[in-house]
1. Looking at residue 113 and the list (1) touching a residue at least 60 places away in the same chain (Cβ under 8 Å); (2) in contact with a helix residue (DSSP H, G or I) (Cβ under 7 Å, 6 or more places away or on another chain); (3) of a type outside the set (Phe, Trp, Tyr); (4) over 20 Å from residue 163 (Cβ atoms), which single condition is not satisfied?
2. Report the residue count in segment 253-265 for those that are of a type in the set (A, V, I, L, M, F, W, C) and either surrounded by fewer than 17 Cβ atoms within 10 Å (Cβ to Cβ) or assigned by TED's automatic domain parsing to the domain that holds residue 28 (or both).
3. Only one of these is outside any loop (DSSP other than H, G, I, E, B), over 21 Å from residue 245 (Cα atoms) and out of contact with any strand residue (DSSP E or B) (no Cβ under 7 Å at 6 or more places or on another chain): 52, 73. Name it.
4. I'd like to check something: does segment 127-135 contain any residue that is farther than 25 Å from residue 70 by Cβ and either in the same structural domain as residue 69 (by TED's automatic domain parsing) or of a type in the set (Val, Ile, Thr) (or both)?
5. Which count do you get for residues in segment 146-173 that are closer than 20 Å to residue 198 by Cβ and either crowded, with 24+ Cβ neighbours inside 10 Å or modelled with pLDDT under 95 (or both)?
6. Consider residue 178 carefully, then state whether it is surrounded by fewer than 24 Cβ atoms within 10 Å (Cβ to Cβ), assigned by TED's automatic domain parsing to the domain that holds residue 69, over 24 Å from residue 112 (Cβ atoms) and hydrophobic (A, V, I, L, M, F, W, C).
7. Condition first: touching a strand residue (DSSP E or B) at 6+ places or on another chain (Cβ under 8 Å), in a helix (DSSP H, G or I) and hydrophobic (A, V, I, L, M, F, W, C). Now tell me which residues in segment 90-119 satisfy that.
8. Surrounded by fewer than 19 Cβ atoms within 10 Å (Cβ to Cβ) and modelled with pLDDT of 95 or more: which single residue out of 221, 205, 191 fits that description?
Amino acid sequence: MSFDAVKIYLAPMEGLLDHLLRDMLTRTPGVDICVTEFVRVSGTLLPNRTFQRIAPELLHGSRTPSGVPVRVQLLGSDPVCLAENAARLAELAPMAIDLNFGCPAKTVNRHRGGAVLLDEPELLHEIVSSVRRAVPAPMAVTAKMRLGYNDRERMLDCAHALGSAGAAELVVHARTKADGYKPPAYWHEIGRIREAVSVPVIANGEIWTVDDYHRCRAESGCDDVMLGRGIVADPGLAARIKGLPAPDWEALKPLLSSFWDNVLVHILPKYQAGRLKQWLNYLKRIHPEAEAAFEHVKTIKDAEVISAWLTDGCPIPVQDRASH
């Protein structure tokens, strides 16, 4: 198999993987498709600006600045309301519309959204069917699910429901809601789903390294994967999976500067420093230099000080460097 034929998806991660980070992570080769954070649908017909706030790429052909296609994700439990909003979203020409049946957040689940619906495969079928009928035939409707809510008992029922209702692809996060994000991911269960449905299945969950990718592929049978926390921590992961050159720390520093410039434009001042620290906190898992950088800036809140530090190439004082 040629690994340059592998499709790699960038996961939606609320509060982390927004359009700012999508831009950065698609400047490095390897990512083929992005999925946005979810747009919550609950009882009202949303204005265009709501979709465009989550997916400003809709204003630019539904692609990141680097040209990677972006799918917009909806979350809700009312088939009629979801269908009406999907029809409105379709007028903005997203690359595809994705439906979220995997979010494990307690607040979301308490309001009948995300993974809690995995106890109701009949409702999953109705939602996907309604959305599929509401949008133009050439526009793909896709779905993301976990292995279940509290257990995996209805896993195959849910996958069948989504596939038979018209989902063009199915991303499967290899844990239940009850599992949260705790290792391990049960990739072999994705293999059972893949064998049971006729639509393409994309594996997701606990892929941090190239070795993880190969083990996931062996256990799930899926060549194509969705990367989340793993690629936030290692922006070169998709490239490495495909055998392409991947950025080292020196190549990442300009990305950090560009990210910060965009944060200053789009994020409220009180949250700006936190966004940079959040990414550095992930990057330090792979890059020792990121750990030193994080330790240096973690107590800094002044945006001008951070901007000067980035402009100067992220220098680490001798005393900070010595401790790492």
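The values are calculated or read from the model by the stated rules, or taken from the named source; none is laboratory data. Remember, it's a predicted structure, so these values are computed and weren't measured experimentally. So basically every Cβ, Gly included, is an ideal-geometry build from the backbone, and we count neighbours across all protein chains shown.
1. (2)
2. Of the residues in that region, 2 qualify.
3. Answer to the check: 52.
4. Looking only at segment 127-135, we keep the residues that are farther than 25 Å from residue 70 by Cβ, and these are none.
Among the residues of segment 127-135, not one is farther than 25 Å from residue 70 by Cβ and either in the same structural domain as residue 69 (by TED's automatic domain parsing) or of a type in the set (Val, Ile, Thr) (or both), which makes the answer no.
5. Result for segment 146-173: 8.
6. Working: surrounded by fewer than 24 Cβ atoms within 10 Å (Cβ to Cβ): yes; assigned by TED's automatic domain parsing to the domain that holds residue 69: yes; over 24 Å from residue 112 (Cβ atoms): no; hydrophobic (A, V, I, L, M, F, W, C): yes.
Judged against the criteria, residue 178 is not a match.
7. 90, 108, 115, 117, 118
8. Details: 205 fails: surrounded by fewer than 19 Cβ atoms within 10 Å (Cβ to Cβ); 191 fails: surrounded by fewer than 19 Cβ atoms within 10 Å (Cβ to Cβ).
Residue meeting the stated conditions: 221.
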